[in-house]
1. Pick out the one residue from 324, 367, 385 that is more than 27 Å from residue 239 (Cβ to Cβ) and surrounded by 15 or more Cβ atoms within 10 Å (Cβ to Cβ).
2. On the basis of being crowded, with 19+ Cβ neighbours inside 10 Å and not assigned by TED's automatic domain parsing to the domain that holds residue 390, does residue 120 make the cut?
3. Run down 198, 174 and say which single residue is closer than 30 Å to residue 384 by Cβ, surrounded by 13 or more Cβ atoms within 10 Å (Cβ to Cβ) and at pLDDT 95 or above.
4. Give me the strands (runs of 3 or more DSSP E) completely within segment 1-100, filtered to those with at least 2 residues that are over 17 Å from residue 123 (Cα atoms), modelled with pLDDT of 90 or more and in the same structural domain as residue 153 (by TED's automatic domain parsing), ordered by residue number.
5. Within the bounds of segment 156-166, is there any residue that is at pLDDT below 95 and surrounded by 22 or more Cβ atoms within 10 Å (Cβ to Cβ)?
6. Looking at segment 260-280 only, could you name the residues that are part of a helix (DSSP H, G or I) and within 14 Å of residue 307 (Cβ to Cβ)?
7. Can we say residue 231 is in contact with a helix residue (DSSP H, G or I) (Cβ under 7 Å, 6 or more places away or on another chain), in contact (Cβ under 8 Å) with a residue 24 or more places away in the chain and surrounded by 22 or more Cβ atoms within 10 Å (Cβ to Cβ)?
8. Tell me which of these residue 413 doesn't satisfy, since it passes every other one: (1) farther than 30 Å from residue 298 by Cβ; (2) in the same structural domain as residue 257 (by TED's automatic domain parsing); (3) at pLDDT below 95.
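The values are calculated or read from the model by the stated rules, or taken from the named source; none is laboratory data. Predicted model only: the values in this text are computed from it and were never measured. Cβ sites come from the backbone with ideal geometry, for glycine too, and all protein chains shown count toward neighbours.
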């Protein structure tokens, strides 16, 4: 691993942490200049520099980005064991006294601790010096500088490892997008009035990686700046499956606010039969502008084009209620956390009744997600929820199985979830 990569990938947060450590130790030691250097290609490069008031009146060749040959630096000689880590007066040491830097700068007291790889090779140093000698320095002061060097080393490598992980994540997601390595499954949604099949929700599936479900993939893609690309890939693959599904059903596809507001939305939806498509707005990211979202959706929802809009995860947070008020959706999808044990939880039932009543007044259908027991289904049907979705009525299916699902009535309910069983972790595209 190159030495440059250790310093070259650090974040702004790491910069701030290192500067705080450097400033604190320079002030504690009452030194004029403190710096963190890196050894690169025979040079010492100054990566972090902190100077006191005296340095403003004394020109010094120490500035971030500047460099000098290692053979002319105290840091290199200290790392090689040719100079001590602490000198009260550099002019008294035979090696330091011969170096032009000592009288020219001048350097009085000097402390330097090498930064080393696990194999002992030095890759930089943490140093402090004053323009005048200082006889008060003790081995305890040197011990504190060593401690600070350990902290700097820890910050650098922790940040370096995180940067490498971010790069690996970006590469993995970019390769997934390039190869279109996303599989879509389809979970049925049924009407409660006649138990008929009404729609499917398209859900994305990725290469199995321990601890990384669909939620993690989309969250990491957003952090890597590839979120919209991954969402639109899942959207395209879902829409390609639409002709194979029964003509009587609609298809719900999930998009974030950022994807909905993207100028690429029209291209992503080009050719889609809007009367059979419902966009589900997810709450995984904040809405920067509801006006911008309305403007983006307007051309697809007006002039009889019929693109449907659903607000996902309603009841899980206050933001979804704002979505409902500001975006006039066709569907309100109640979050599974609200549905869980609704038959025995008066508070969840009351909130579901209120949301269902509100939906009825504005002409909006209510879809309950995560229905897993017959008791939950019966309670929701009694409340007036118009559609249900969950493991009770149907798990996500591959396209071939979804395409032949009967329309007339929902399938025989799957076994109810046992207490303690994990909740489903499906994440929409």
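1. Being more than 27 Å from residue 239 (Cβ to Cβ) and surrounded by 15 or more Cβ atoms within 10 Å (Cβ to Cβ) holds for just one of 324, 367, 385, which is 385.
2. So residue 120 fails the test.
3. Going through 198, 174 in turn, just one is closer than 30 Å to residue 384 by Cβ, surrounded by 13 or more Cβ atoms within 10 Å (Cβ to Cβ) and at pLDDT 95 or above: 198.
4. 33-40, 43-51
5. Yes, that holds for at least one residue.
6. Answer for segment 260-280, where residues must be part of a helix (DSSP H, G or I) and within 14 Å of residue 307 (Cβ to Cβ): 260, 265, 266, 268, 269, 274, 275, 276.
7. Answer is yes for this residue.
8. It fails just one condition, (2).
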